[in-house]
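The values are calculated or read from the model by the stated rules, or taken from the named source; none is laboratory data. Keep in mind it's a predicted model, so treat the numbers as computed, not measured. A quick note on method: Cβ atoms are made from the backbone with ideal geometry, for glycine too, and the neighbour counts reach across all protein chains shown. These area figures cover heavy atoms from the full protein model, side chains too; ligands, DNA and RNA do not enter into them. Shrake-Rupley method; radii C 1.70, N 1.55, O 1.52, S 1.80 Å.
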Protein chains: 2
Amino acid sequence: MTLKLDKVNRGPHLSTLVASSISREIAQGRLKPGDQLPTEQALATTFGVSRNVVREAIARLRSEGRIWSQQGRGAFVTDANNPTVLTIDYEALQRADSFRSLFELRGILEVQAAALAARRRSEADLAAMGEALAGMRAAPYGSVAWLRSDLEFHRTVAEATRNSYMGQFLVFVSERVRESILAAGNQQKSDDMARITLGEHERIFAAIRNGDVEGAQAAMRDHLAGAALRVGLHDGEAAEVAVPAKEVASPVRHSRLRKAVRARAGG
Amino acid sequence: MTLKLDKVNRGPHLSTLVASSISREIAQGRLKPGDQLPTEQALATTFGVSRNVVREAIARLRSEGRIWSQQGRGAFVTDANNPTVLTIDYEALQRADSFRSLFELRGILEVQAAALAARRRSEADLAAMGEALAGMRAAPYGSVAWLRSDLEFHRTVAEATRNSYMGQFLVFVSERVRESILAAGNQQKSDDMARITLGEHERIFAAIRNGDVEGAQAAMRDHLAGAALRVGLHDGEAAEVAVPAKEVASPVRHSRLRKAVRARAGG
DNA sequence: CTTGTAGTGTTATCATACAACCCTGATTAA
DNA sequence: TTAATCAGGGTTGTATGATAACACTACAAG
């Protein structure tokens, strides 16, 4: 039987929680550019953690360019709110809700990419897709070669959109998703899956080849729904991502973190 | 006259130096994927710093996805070594085709964000959107206040998707687009435009409020089509554009760590 | 008005201790 | 023999306190 082990999802480090919390304060505007953060000591007591943890969190935010600090003065929110680089926090992805969000974003990009590809694909694109499919057929399901061909197929679809940024973003997001899946490592393989997955890809390919925009979207959507199941997400696109945002305007919102901390300490 | 003094470039933090040094070991292959790093204590003594500094460095590398650590075992070099940051070359955006591509990507994200928002928005979201709209009504078209409210509206829509990555990506893309538009500076203002633009936003808002998914998508699509016209793009959805984007990696350069550490130790 | 100086608050770093956890190997029970 | 249990050492995660380096302010002295 298959053992549906819940990935021992040990909560991320405290410093991660603190960093996320501060990040959120900034993102939601409660900390504006130029504002000075509370002192490390103050943050430590508010969060109920040691100053050391706060420092690790700040070190991360600093490296991400979100804040900037100077000895003897304090830490400040970076003025330029237009980061020139986009990063995805690796640890945050270990959390199920984050993973689901990224998976959803990937889905949106893939589906629309399929639509664009159906409109704009060239003969060369189709040839490349066919080659990738052949690679998948030849390799055993789940093998390195199989994964490479899988990735290659999606890459060629992205390329067929004739939108370079689409490709860039898609590859970026997909890589993060793939990493996270591999890290979890809770995927079972079977011959059935190989057949099913291959079929999904072939339908996408056929629709794109025929210039069938809606068909390509639908096929890609099916593929992603299947992929979601295969990695243990009970189909996305429902409302389970929707955390009831009962956020009341409060000066600072750390109560959840505190609770998390308590829970860790208690358990 | 003005003195033009060079900003006193105080050396970076020790944790930064340590992180860079470890990073370089990885980049240059002396630490291969899967390898275990020396213990924090060992690193501390070799670098001549406290374990605390080493931990801050490791926290950064961990958040960048370069290494991965587990309590009781140790820290290891991450398997995947692909880029963890996404950058958009500013100069490339000056080219019309690149700009069009990014605009198209933004459109895809915005339209799907509107759809998700229509499904998941909370009362608080609606209130925030309404506030942003009020801000737009109050400010003169094209003014700083107007732009801020405009941005704020789109941000609240992104937030209402309950998908944090959606917001991150959208803000990132929109900022690049906005910069590019401002740089071009070829936009004319008129009262008509104010009225039209405001109307577009209000239709988006109404659809999201009513939970009308298709309506929200359509309204957002209209809005973007209008925006495209206003910035001089003859409606998107054309088929010309290709071009590989320039990928930029950021090498890090420092041979100073050891020296700096020595200096500290010696002095 | 300028300069020196003490005082206070903050970050940067160090040092130490303990808790939580993994791994290994010995010991014990079946 | 085999499996389970337990003890010990090693490692990371967190807490705590202390010290050094630096920025800012106020005030006194010139």
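Values as computed for the structure displayed
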| item | result |
| --- | --- |
| Residue A:67 long-range amide H proximity, modeled H, under 5 Å | A:62, A:78 |
| Neighbourhood net charge (13 Å Cβ-Cβ; Lys/Arg +1, Asp/Glu -1) for residue A:40 | +2 |
| Accessible surface, per residue, of region A:138-180 when the full set of protein chains is kept, probe 1.4 Å, Å² | 35 Å² |
| Total accessible area lost when A and B pair, probe 1.4 Å, Å² to nearest 100 | 5100 Å² |
| Packing rank of B:134-146, A:155-167, A:129-141, where each peptide gets the mean count of other beta carbons within 10 Å, highest leading | A:155-167, A:129-141, B:134-146 |
| P(r) weight above 15 Å for region A:98-147, C-alpha pairs, percent | 63 percent |
| Label 7 Å beyond Cα on the Cβ vector: residue B:206 copy-to-copy distances, nm | 4.3 |
| Inter-chain Cβ neighbour average for residues B:124-131, partner chain, 10 Å | 1 |
| Rg in Å to one decimal, and Dmax rounded to a whole Å, for region A:14-87 via C-alpha atoms | 11.4, 33 |
| Buried on assembly, region B:38-81 (at least 30 Å² less accessible surface than by itself, 1.4 Å probe) | B:52, B:55, B:56, B:59, B:60, B:62, B:63 |
| Debye, to nearest 20: dipole size of region B:92-230, +1 on Lys, Arg Cβ, -1 on Asp, Glu Cβ | 180 debye |
| Accessible area of region A:92-230 belonging to carbon and sulfur atoms, whole % at 1.4 Å probe | 53 percent |
| q = 0.14, 0.17, 0.22 Å⁻¹: log10 I(q)/I(0) that the Debye formula gives for region B:19-154, counting C-alpha atoms only | -0.83, -0.91, -1.26 |
| Cα extents of region B:92-230 along the three principal axes, largest first (Å) | 39, 30, 21 |
| Mean Cβ count within 10 Å, highest first, over the residues of peptides A:15-24, A:216-225, B:112-121 | B:112-121, A:15-24, A:216-225 |
| Inter-copy label distances at residue B:230 (7 Å, Cα→Cβ; nm, one decimal) | 4.4 |
| Inter-copy spacing of residue A:144 label points, which lie 7 Å from Cα along Cα→Cβ, given in nm from shortest upward | 5.6 |
